[in-house]
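Q: Quick one: structure below, then a few questions.
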Amino acid sequence: ILGRSASTHGISLYRGWSFDSDTAITPKICITGSTSASLHQILPWLYYHKVIGVSHFILFVEGEAAKPVVTSVLESIRGVKIIYRTKELKEQQDRSRIWNETWLSGFFYKPCNYELFVKQSLNMEMAIVMAREAGMDWIIHLDTDELIHPAGAREYSLRRLLLDVPDNVDMVIFPNYESSVERDDIKDPFTEVSMFKKNYDHLPKDTYFGLYKEATRGNPNYFLTYGNGKSAARVQEHMRPNGAHRWHNYMKSPNEIKLEEAAILHYTYTKFSDLTSRRDRCGCKPTKEDVKRCFI
């Protein structure tokens, strides 16, 4: 699906998109995310997820992603809603009930990754309301360096995958795979990176533990970043975020299932600039002390 973008690496490829009308889409799937990425990263990410059945995108933008040259293109795409990090948005989020609850309080008033995690949760809270108003059936929180891989469905379609989920299921867990980068000159991660570490949930346990020492190379976490996957939730009353990876409900414990084949492909730090830009965004020094202070 993304193969042609490597050769053109331009915006013209995405002109004249033609997808089903919103009325024909069942179920209606919404992706929400917070991004500061460039247009060259966001566009193929959007296109891929449109092709596999996502109809609606709620994007909270800042930094590079909030520049007019980027947002003017994104806002011209049907189904894409852009929310800017304005003073009014911050004031509205400052009044959120999340600040009075305990489930996220360990991340309050800390720098860098902690601050981002809180911001993502506040954005997700707003996205739930917007998704309900737009008549969405499912909502997924996803970053622009992640692709949903709907393996196990009868066709390569997220829509087909979620259509087959039993009606009594509130949340579907996608274990994440993490990219294993083989070169230091990657320019277009989605088309140039093809090797991934499988999630623990998708590995035979004897294989995982038998090769653990060799695979981890001294990193007890196995993955460089998170390993608990992402999730899709049915849009319903009393929903709330449960961190950036899960959803919850104020009135009940969601009934959830974990998929045995489908996954999130996480293109983690495929370029060295991915790491340095994150560090620079937070004003953190390249010291062990600041790494502990800034990164979860």
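Q: Just to confirm my numbers, what's the Cα centroid distance between segment 74-110 and segment 195-272 in Å?
A: When both Cα centres are located, 24 Å separates them.
Q: Follow-up. To the nearest 10 square angstrom, what accessible area does Asp201 show with a 1.4 Å probe?
A: Asp201 exposes around 70 Å² with every protein chain in place.
Q: Same structure, new question: Can you give me the % of accessible surface on the chain that is carbon or sulfur? Probe 1.4 Å, all protein chains present, nothing else counted.
A: Of the solvent-accessible surface of the chain, carbon and sulfur hold 50 percent.
Q: Provide the packing ranking of 132-138, 150-156, 37-43, i.e. peptides ordered by the mean count of other C-beta atoms within 10 Å per residue, highest first.
A: Values: 132-138: 16.6, 150-156: 14.3, 37-43: 18.9.
Descending mean neighbour count gives 37-43, 132-138, 150-156.
Q: Which entry is the computed Cα Rg over 2.2 N^0.38 Å for this structure: [x] 0.99; [y] 1.61; [z] 1.54?
A: [x]
Q: Between Tyr212 and Ser38, what is the FRET efficiency for a Förster distance of 35 Å, r being their Cβ-Cβ separation, to the nearest 0.05?
A: For R0 = 35 Å, the calculated efficiency reads 0.40.
Q: While we're on this one: Filter the cross-link list Lys110/Lys292; Lys81/Lys187; Lys197/Lys288; Lys110/Lys285; Lys50/Lys81; Lys119/Lys197 down to pairs whose alpha-carbon distance in this structure exceeds 18 Å.
A: Check vs 18 Å cut-off fails for Lys81/Lys187; Lys197/Lys288; Lys119/Lys197.
Q: Per residue, how much accessible area does the chain show when a 1.4 Å probe rolls over the protein heavy atoms, in square angstrom?
A: Per-residue value: 52 Å².
Q: Per residue of segment 97-109, what does 6.51 cos²θ - 1.76 cosθ + 1.60 with θ = phi - 60° give for ³J(HN,Hα)? Whole Hz please, x for Gly and Pro, Karplus curve as stated.
A: Ordered by residue, 3J(HN,Hα) equals 5, 4, 5, 9, 10, 8, 5, 10, 4, x, 9, 5, 6 Hz.
The values are calculated or read from the model by the stated rules, or taken from the named source; none is laboratory data. For clarity, every value in this text was computed on a predicted model and none was experimentally measured. Note that we place each Cβ from the backbone using ideal geometry, even for glycine, and neighbour counts take in every protein chain shown. Ligands, DNA and RNA are excluded from the accessible area calculation, which covers all protein heavy atoms including side chains. Shrake-Rupley method; radii C 1.70, N 1.55, O 1.52, S 1.80 Å.
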